[in-house]
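Engineer: Here's a structure for you.
The values are calculated or read from the model by the stated rules, or taken from the named source; none is laboratory data. These numbers were taken from a predicted model, which means no experiment stands behind them. Note that we place each Cβ from the backbone using ideal geometry, even for glycine, and neighbour counts take in every protein chain shown.
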Amino acid sequence: MYKTCFKNKKYRLKNRHALADVVTSAIVLAAVSIMGVMMLAWSNTNLASHQQEIEEVFSTQMNKINEDVSFESMWFPTPSGVMTANHINVTLTNTGILGLNVTTIQVTNVTGSNNTSFNYDYTDIGIVKSGTISKNVTYPWQSNDELDILIFTARGNQFITQVVVP
């Protein structure tokens, strides 16, 4: 009878050992599943943020491509009446498919070694699609000066033309 009891104790220990393997396996599987779900959620969040960033960059670049300005005329009136200094009248037409905002008009004299440049900053020059706008900029031009007129837009585009003062 003693041997039988001992065998039963051994048998009970074997059952407990098998039960421990099952519990351990279940804990490991649960931990792996939880980590997998957490990694999947993290990667989806990361992917969504990168996708949004790419969409914003694409949209911004497409808007820059669709922006276009045409220089209609440059007029160099002599001082008279209210205007006491030489100035340039710049007429621009928006030929793009989007509205745009002109932020700066830069006039540079490129005649010989006389490379002087003037920037005129604006906050209120919005041009609608197919719209036209004229702006006067005070500039000390002289006859036969070669000028570069550069337009900067709010989206970062630059448009340039070259003129010779009559």
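Engineer: Mind telling me which of the residues 72, 67, 53 ends up being among the acidic types (Asp, Glu) and touching a Lys or Arg at 6+ places or on another chain (Cβ under 8 Å)?
Structural biologist: None of the others qualify; the one that does is 67.
Engineer: Any chance the stretch 59-67 includes a residue that's farther than 30 Å from residue 135 by Cβ, in a helix (DSSP H, G or I) and not assigned by TED's automatic domain parsing to the domain that holds residue 141?
Structural biologist: No, the stretch 59-67 contains no residue that is farther than 30 Å from residue 135 by Cβ, in a helix (DSSP H, G or I) and not assigned by TED's automatic domain parsing to the domain that holds residue 141.
Engineer: Sticking with this one: In the stretch 102-128, what residues are hydrophobic (A, V, I, L, M, F, W, C), surrounded by 12 or more Cβ atoms within 10 Å (Cβ to Cβ) and under 28 Å from the mean Cα position of the chain (by Cα)?
Structural biologist: 102, 105, 107, 118, 125, 127
Engineer: So, in the stretch 132-159, of the ones that are without any contact (Cβ under 8 Å) to a residue 40 or more places away in the chain and surrounded by 13 or more Cβ atoms within 10 Å (Cβ to Cβ), which residue ends up nearest to residue 68 (Cα to Cα)?
Structural biologist: Only one residue fits best here, namely 146.
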